[in-house]
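The values are calculated or read from the model by the stated rules, or taken from the named source; none is laboratory data. A quick note: this is a predicted structure, and the numbers were derived from the prediction, not measured. Cβ: placed from backbone, ideal geometry, glycine included. Neighbour counts: every protein chain shown.
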Amino acid sequence: MRLPRLPFRELRRQPSRFVVATVVLAFLATLLLFLGGLLDGLYLGSTGAIRAQRSDAIVFSSSARDSFLRSRITPELRAEIEAAEGVGEVGGLGFVLLGAQVPGETELADVAVAGYEVPPAGVPTPGPDGQGVADSRLEDQGVQVGDTILVGPAETPITITGFVDDTAYLQQGTVWVNLATWRAVQNANRPDSAVADGVVQALVVTRDAATTLSGPLPELIDTTTDGATKTLTVEDAVLALPGVKQQGDTFDQIIYSTLVVVLAVVALFFSLLTIERMGLYGVLKAIGASTRRLFAGVLLQAVIVATIAFVVGSLLALAAAAALPAKVPLQLTPGRFLFTYAGLLVAAVLGSAISLRRVTRVDPASAIGGAG
Amino acid sequence: MTVLDMRDVRKVYRSGDADIVALDHATLQVDHGEIVALLGPSGSGKTTLLSIAGGLLAATEGKVMVGGHDISEYDGKQLTEFRRNNVGFVFQSVNLVPFLTAEENLLVVDELGGGKGGKGAKARARQLLEELGLGHRTRNLPSQLSGGERQRVAIGRALFNNPRLVLFDEPTSALDTKLGAQVMELIRNEMKARDTAAIIVTHDRRMTEYADRTVEIVDGRLGAEAPAH
Ligand SMILES: Nc1ncnc2c1ncn2[C@@H]1O[C@H](COP(=O)(O)OP(=O)(O)OP(=O)(O)O)[C@@H](O)[C@H]1O
Ligand SMILES: [Mg+2]
């Protein structure tokens, strides 16, 4: 079927009929983008350091309940894991969250000092003691290449040699250092949870490409260590980070509720419009318009209204994002725009579908009945 | 050749418990190019007969043949298509699409028929409006037209698809006497120029002089057929 001209013309010639619905939907689109952007910002800012891991699995000690801070892997345990079936490259990993003094800044910067062996995406191989590569969000807090920041109450110095994007950890800017430096920082500033030489919090494990596995890698590892470890895929380790899953669930609930509101707005608006148009639909049916064609017109208008609302809402959201202080963890990603547009379209189609019954029931004979 | 052949058509409306017999054994033939006036008082069944002849309503009993097709057997979908291609309607109240210009109101018919509104269709719409004395009004919205002009646009819309049969339901009742006479004159000329058959419903005996023949209807029964003039 060709695109009907009638619904387009109505939109063009009588735009005032559609303004209210478009404005309401535009605000809802802004709200959806805002909520989604906050969720994405929180998620990305919490999980960057783990998402950047290029390995296949992350091994925690079984008592850690999937938390880096509680997890300890001794050199003996590490040796067992390295010997397990299918295990390729293994690297130690450790985090400590601290405040840091930045030269020329009065406020402390929030940093996560991360010790590593296997470089995550974008991070170079570990440098010499006392040097590190910083996540670019520390740039916003005044850190520059060549600066020596003083970490924690013990004021442990780390010299920043470069920046790397999207590796934040629990909303703190990660500083990537070698394991010895991480241990030094940990033991100087958190003496109550000191780590001995050779001990790490967790291990990143890459699957050995040459062997065929007899089961999933995490299971193989945990069986080999006889339950002393709990191994997660990287995706599961991301979700196990404190707050990440809860935030995601909460925001998703709000976002889907908002989409239901969008659906209700579209349904109400187009039902009212359809009631107003009953007479016109009767005439059009009398002169040979099918229900299908008339309903396609309603759908088309709903899709166009939703699209315009999305564009306006996106511009509003972008303007608001630009005006917000950098501290607000709002991140508007292309994926979020796509999701929001798709959500609006689905809600618009479902919402306008409620008018189908009414359009179907319009009797062509009503066009001729009396003074009509 | 017979364009419309209605035989023993009965229409019963069910309203609550009571049955209203709006048409009773109505038999009517309309020939190619013939103009028939259907004259009767209010409530006599004129609109009902017109609706059945045009495939807007299904008869309770009887047979309705239009252009050789038995439309009493058609389902809703077939009736929609039948109306689109074979009959034209002009309603009592003006029923133009309010947000379309005069020309576009004619082109709606083309769009419903799957046309692209191309040059040919546009030229045809303009020519029709020209004939109807609306050559200077093609780009006006219905709200910018007088009552008589609007009714002429509606006539143009009914004629756009070259139907064999055009059905007019009190086309001049909303117009004053002088304008009504002008519109009737125009209808007659247009029908005769195209050799198109028409039924014109009216309760005004003066309007019957524009028809070839007048059929009276009282209480759903068609009466004696009197030739006009
Ligand atoms: N949808 C309907 N339901 C029930 N009764 C109806 C319906 N439509 C018409 N009628 C009845 O059928 C009879 C014929 O109606 P119809 O509209 O055909 O008359 P008409 O001759 O066109 O009248 P008018 O000159 O007032 O337009 C009337 O008694 C009317 O009340
Ligand atoms: Mg009537």
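Key figures for this structure:
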read-out: Hits in segment A:124-144 - residues which are surrounded by 22 or more Cβ atoms within 10 Å (Cβ to Cβ) and in a loop (DSSP other than H, G, I, E, B); value: A:Pro126, A:Val143
read-out: Check on B:Val64, part of a strand (DSSP E or B) and more than 16 Å from ligand 2 (Cβ to nearest atom); value: yes
read-out: Qualifying position, being outside any helix (DSSP H, G or I) and within 14 Å of chain B (Cβ to nearest Cβ), among A:Gly288, A:Gly297; value: A:Gly288
read-out: Filter result for A:Phe339 (more than 16 Å from ligand 2 (Cβ to nearest atom) and more than 14 Å from chain B (Cβ to nearest Cβ)); value: yes
read-out: Matching option when the condition is away from every other protein chain (no Cβ under 14 Å) and more than 21 Å from the chain's Cα centre (by Cα), among A:Ala306, A:Ala322, A:Ala317; value: A:Ala306
read-out: Residue satisfying all of: in segment B:150-173; more than 16 Å from ligand 2 (Cβ to nearest atom) and facing chain A (nearest Cβ under 9 Å); farthest from the chain's Cα centre (by Cα) among these; value: B:Asn161
read-out: So B:Arg205, is it within 16 Å of ligand 1 (Cβ to nearest atom), surrounded by fewer than 19 Cβ atoms within 10 Å (Cβ to Cβ) and away from chain A (no Cβ under 14 Å); value: yes
read-out: Subset of segment B:151-177 [within 16 Å of ligand 1 (Cβ to nearest atom) and among the small types (Gly, Ala, Ser)]; value: B:Ser173, B:Ala174
read-out: Of the criteria (1) among the aliphatic types (A, V, I, L, M); (2) more than 27 Å from B:Gly54 (Cα to Cα); (3) within 16 Å of ligand 1 (Cβ to nearest atom), which one A:Val312 fails; value: (3)
read-out: Scan of segment B:30-56 for residues that are on the phi < 0 side of the Ramachandran plot, more than 7 Å from ligand 1 (Cβ to nearest atom) and facing chain A (nearest Cβ under 10 Å), ordered by number; value: B:Leu50, B:Ser51, B:Ile52, B:Gly54, B:Leu56
read-out: Failed item in (1) assigned to a strand (DSSP E or B); (2) near ligand 1 (Cβ under 10 Å from one of its atoms); (3) touching a residue at least 40 places away in the same chain (Cβ under 8 Å); (4) surrounded by fewer than 19 Cβ atoms within 10 Å (Cβ to Cβ), with B:Thr27 passing the rest; value: (2)
read-out: Helices (runs of 4 or more DSSP H) contained in segment A:1-117 and holding at least 2 residues within 14 Å of chain B (Cβ to nearest Cβ); value: A:6-13, A:16-51
read-out: Segment A:269-302: number of residues that are surrounded by fewer than 21 Cβ atoms within 10 Å (Cβ to Cβ), under 41 Å from the mean Cα position of the chain (by Cα) and of a type in the set (A, V, I, L, M); value: 5
read-out: Conditions (1) over 24 Å from the mean Cα position of the chain (by Cα); (2) closer than 24 Å to A:Pro242 by Cβ; number of the one not met by A:Glu80; value: (2)
read-out: Tally, over segment A:133-161, of residues that are under 29 Å from the mean Cα position of the chain (by Cα) and at positive phi; value: 1
read-out: Matching option when the condition is crowded, with 21+ Cβ neighbours inside 10 Å, among the aliphatic types (A, V, I, L, M) and modelled with pLDDT of 95 or more, among A:Val266, A:Val305; value: A:Val305
read-out: Selection within segment B:47-61 - within 14 Å of ligand 2 (Cβ to nearest atom), within 20 Å of B:Thr196 (Cβ to Cβ) and in contact (Cβ under 8 Å) with a residue 24 or more places away in the chain; value: B:Leu49, B:Leu50, B:Ile52, B:Ala53, B:Gly54, B:Leu56
read-out: Of the criteria (1) modelled with pLDDT under 95; (2) away from ligand 1 (no atom under 15 Å from the Cβ), which one B:Ile20 fails; value: (2)
read-out: Any chance B:Gln182 is more than 14 Å from chain A (Cβ to nearest Cβ), closer than 24 Å to A:Ile368 by Cβ, surrounded by fewer than 18 Cβ atoms within 10 Å (Cβ to Cβ) and out of contact with any Cys (no Cβ under 6 Å at 6 or more places or on another chain); value: yes
read-out: Qualifying residue in segment A:348-368 (condition: under 30 Å from B:Glu170 (Cα atoms), more than 14 Å from chain B (Cβ to nearest Cβ), out of contact with any Leu (no Cβ under 9 Å at 6 or more places or on another chain) and of a type outside the set (Ser, Thr, Tyr)); value: yes
read-out: Residue selected from segment B:67-98 under the condition within 16 Å of ligand 2 (Cβ to nearest atom) and in a loop (DSSP other than H, G, I, E, B), by the criterion surrounded by the fewest Cβ atoms within 10 Å (Cβ to Cβ); value: B:Ser93
